[in-house]
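Asks: This structure is in structure tokens; I'll ask about it shortly.
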Amino acid sequence: MKTKRVFWMAVYFLSPLIVAGLILAARPDGLSNPGYVISVLLGASAYVWLVNQFVISARPKFIERNFGMDNLYRFHGIMATVSLVLGFVHSRIKEALTGFEPRVAQIGLLLFALVVFAGGFFLVDSFMRRIKPLENFRKFLVNRLGFKRKLSVLLHNFSLVPITLILLHVTRTAAAFLSPAVRWVYIGYFAMGISFYVYHQFIRRWVMKKNAYLVVNNQSEAKDVRTLTIAPQQGDVFAYKPGQFALITVVNGRVQKESHPFTIASSPSRLGSVSFSIKASGDFTSQLDQVAVGDEVRIDAPYGVFSHLNFPDEKELVFIAGGIGITPLLSMLRYLRDKDPQRKVTLIWGARTQADLILQDEINGFSQIMPQFHWVPVLSHEPDWSGEKGFFDVEKLQRLALDGRDLATTGFYICGPRIMMNLVSGVLDGQGVPKEHIHYEKFAF
């Protein structure tokens, strides 16, 4: 996996050199001007990396499986901003050198700036949400004015307009007129990006509709947690690893017809159906009680790299969950029960009350099949609880997760609220756990 990551990163960051090399070859007189060379490098990088945003946003599995969607989407947001900045710097340098910058390029960059801001403001958990006035304004737009995620997605897709304007600009430059190779490389990159966009927006949706699943069970596990089980109408369940997640769309006319990410709670060791244990925490999840047996579900999966199967050298496993973050770890536990019951596994599960510890009977039953399985619930809001109380801290994690373990051969898998994952991963790192043995996925969109 590491080799493939290096390969794809090299492809991404070095691909602008093709465009830059062709431009400089078409106008060799510019090589003596450092400002011109810098402008070419910046412009080529801005254009190619902006086009590549369409590739990343299409979440192609042959790339995503090497990084995880959380990392891929964070990279997407960062590089969209970097590309935009490079484009503006290129524009200013070119204007300083020639005294002129085409209006079509300026409009394209300004429109792309609007798209980048909208994406960072509404679609992802970006740094802008850490700024309280901006976050309050976002909540006002969403909650009071009905500026729902669907509208923001449409605004994000508006990026087709600025990238088309930028294509018109680059194909009308002097280098593009002098060299057909430059012009066709520009068009080729654009065609590649648009192809991924078309696949993402139309072809994938058609495939999902053709291979739709049906709800076979919708069971209440706790006050605000339901387990949704679906099965394919024909053929087999898609192949996945325990710990991965899926994007599902319920089509029944009663709930929002939008794609939402949920971790798969079932195990690939048991065929025929896929289940998701989901906590009501938003508009869509609070409507899950309106999903009935027989309703159609369209699914795009699998995604994510959060699975113990990706790290076969880890002899012992420690799972640390917070609340509904148990779901990917439950998938791994179910798989281990069926395929590797002798593995030494510890589950440390933080929750508010006993009522939040869903599927306790099943988890207690793991120890009957898995002799080296041990689990510790940690409750924060139950004063009469006789077991571990409070929140995760250095003392608890040292005593429950670290003491007596070989840190060089133990894998630590963390899933829960962002603040909990940050705390736990920081403690593990500070206590000497190698970074390659600390696993988590931070994902929100």
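Asks: In 5 Å bins starting at 0, how do the alpha-carbon pair distances of the range 212-303 split up by percent?
Replies: 3, 15, 27, 30, 18, 7, 1
Asks: Report the label-to-label distance for Val104 and Trp206 in nanometres (one decimal), using points 7 Å from each Cα along the Cα→Cβ vector.
Replies: Placing both labels 7 Å along Cα→Cβ, they lie 3.0 nm apart.
Asks: Something else: Say the dipole of the range 308-439 comes from +1 at the beta carbon of Lys and Arg and -1 at that of Asp and Glu; which of Leu309, Ala321, Val345 then lies farthest toward its positive end?
Replies: Leu309
Asks: Going by Cα centres, the range 256-278 and the range 1-41 are how many Å apart?
Replies: Between the Cα centres of the range 256-278 and the range 1-41 lies a distance of 43 Å.
Asks: Over the range 259-302, what relative contact order in percent results from Cα pairs under 8 Å that are six or more residues apart?
Replies: 23 percent
Asks: Let me ask you something else. Testing the spin-label approximation: label points 7 Å from Cα along Cα→Cβ at Phe62 and Ala191. State their distance in nm.
Replies: 1.7 nm
Asks: If you plug each phi of the range 28-35 into the Karplus form 6.51 cos²θ - 1.76 cosθ + 1.60 with θ = phi - 60°, what whole-Hz ³J(HN,Hα) values come out, in order, with x for Gly and Pro?
Replies: Result, ordered by residue: x, 5, x, 4, 7, 10, x, x Hz.
Asks: A further question follows. Under a 5 Å amide H to amide H cut-off, with H placed in plane at 1.01 Å, what residues pair with Asn217 once short-range neighbours are removed?
Replies: Excluding prolines and chain starts, which carry no amide H, the hits are Thr229.
Asks: Can you list, largest first and rounded to whole Å, the semi-axes you get for the range 19-60 by taking the square root of 5 times each eigenvalue of its Cα gyration tensor?
Replies: They are 27, 9, 4 Å, listed from largest to smallest.
Asks: Okay, moving on. Given contacts defined as C-alpha pairs under 8 Å and at least six residues apart, what's the relative contact order of the chain, whole-number percent?
Replies: Over the chain, the number comes to 12 percent.
Asks: How much net charge surrounds Val394 when only other residues with a Cβ under 15 Å from its Cβ are counted (Lys, Arg +1; Asp, Glu -1)?
Replies: Spelling it out: positives minus negatives among the neighbours equals -3.
Asks: Which entries in Lys61/Lys257; Lys210/Lys257; Lys4/Lys315; Lys241/Lys344; Lys210/Lys442; Lys339/Lys396 show an alpha-carbon gap greater than 27 Å?
Replies: Cα-Cα > 27 Å for Lys210/Lys442; Lys339/Lys396; rest within.
Asks: Could you please report the charge total around Met208, scoring K, R as +1 and D, E as -1 over all other residues with beta-carbon less than 9 angstrom from its beta-carbon?
Replies: +4
Asks: Work out the length of the dipole vector of the range 308-439 about its Cα centre, built from +1 on the beta-carbon of each Lys and Arg and -1 on the beta-carbon of each Asp and Glu, and round it to the nearest 20 debye.
Replies: 140 debye
Asks: Right, here's the next one. Normalising by the residue count of the range 212-303, find the relative contact order in percent from Cα pairs under 8 Å and 6+ residues apart.
Replies: For the range 212-303, the relative contact order is 40 percent.
Asks: Over the chain, one equal point on each Cα, no solvent: what is log10 I(q)/I(0) by the Debye formula at q = 0.07, 0.10 Å⁻¹?
Replies: At q = 0.07, 0.10 Å⁻¹ the computed log10 ratios are -0.43, -0.82.
Laboratory data are not the source of any read-out in this text; all were calculated from the coordinates shown. Everything numeric here is computed off the predicted structure, so don't read it as measured data. Positions of Cβ are generated from backbone atoms using ideal geometry, with glycine treated the same way; all protein chains shown enter the neighbour counts.
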